[in-house]
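Notes to accompany the following structure.
No lab work stands behind these numbers, since they all come straight from the coordinates. Predicted model, so just to flag it, every value in this text is computed and none were measured. Reconstructed Cβ throughout: ideal geometry from the backbone, glycine too, with neighbour counts over all protein chains shown.
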Amino acid sequence: MVVPVVAADTALRRDGDTSAGGRSASLSWRRIRAWRGIVLGLTGIFFLLPLYAALRFALENNLGHLTLAAFSAIPHTTGFIPAFLLSVRLAAVTMAITMALIVPTTIYVHVKYPKLLVAFDAITFLPVGIPPIVLIIGVLQSAPFVLKSTPYLLALEYVILAMPFAYRSLDAGLRAIELKTLVDASRSLGGSWLATLWRVIVPNLRSAFLSAMILTLALVFGEFTMASLDLYTTLPVWVVNTDSITAHVSVAVSFLSLALTWVLLLALSSVDRRRFARRALIVEGT
């Protein structure tokens, strides 16, 4: 009778230790969630409070009354339409050149030289460490007159500035798929490199493409130093110049451009979530 009693006592102790461990793990998880909520709340206040102040300032008139006059006056303000159209053209050219250069290069490095990814990542990070004012002065000193006489010189400079963001977006997309398996399967079925790139790899990188393009668009619509030193009135330059004349309109334009970027990023994230949900349903169905 002694052995069953000892066994029962040991089992009770083990159950007690297990329940105590479960309570401690649950308590530690609650503390982590609480700290996570505090950090996210403080971060949200840090980012949203200036936006609220900007929106409040744009909606107030000189008498302190709330009105939409600043937003309705944006299209009629002198110089807004030419500056906006110039930024749109530069954004389109910048995105086209960036995608044409970064996409095949990134895919080629991932497929052929994966050991060089660390060095390639460091090289693409260099434009972040070089001040834009140094870059634009060097470009103005060495660029031919044909490029200096056109605003599309800014597009080439924006390509350099957008390279770190576009590359990291595409790099994350390529790491998320079985790139080598897809390439080997396409090549074994007789597909050329161009067909493999266009029909196999590109459809799996739509989210990465959209993310890179949105980041490039945000950079073009937010860069001031290069455009100002190059003596072209893009939208950021127009905002700064208009601030001394109609500050409410300038702040309204800045708020709208930032809100548009956020909306595009939120739309992209929602599209990604829907795609992942559909893939999960397909996998569960099979």
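Here are a few things to note about the model shown:
- Residues whose placed amide H lies under 5 Å from that of residue 60, excluding near-sequence neighbours: 67
- By the count of other C-beta atoms within 10 Å, a proxy for reagent exposure, 88, 93, 263 are ordered fewest to most as 263, 88, 93.
- Computed E for residue 146/residue 224 - FRET, C-beta separation, R0 30 angstrom, nearest 0.05: 0.75
- Highest average first, the peptides 41-54, 210-223 ordered by how many other beta carbon atoms sit within 10 Å of their residues are 210-223, 41-54.
- Couplings 3J(HN,Hα) for the stretch 199-215, derived from phi with the Karplus relation 6.51 cos²θ - 1.76 cosθ + 1.60 (θ = phi - 60°), are 9, 10, 7, 4, x, 8, 10, 4, 5, 5, 4, 4, 4, 5, 5, 5, 5 Hz, where x marks Gly and Pro.
- For the stretch 227-253, the residues whose amide N sits under 19 Å from a probe point set 7 Å from the Cα of residue 69 along the beta carbon direction are 242-253.
- Taking a Cβ cut-off of under 14 Å around residue 148, the surrounding Lys, Arg, Asp and Glu residues balance to a net charge of -2, with basic ones at +1 and acidic ones at -1.
- Gyration tensor analysis over the Cα atoms of the stretch 79-285 returns equivalent ellipsoid semi-axes of 35, 22, 14 Å (largest first, whole Å).
- Residue exposure sequence - 163, 99 - by fewest surrounding Cβ within 10 Å: 99, 163
- Note that the stretch 176-271 shows a convex hull volume over its alpha carbon atoms of 119 Å³ per residue.
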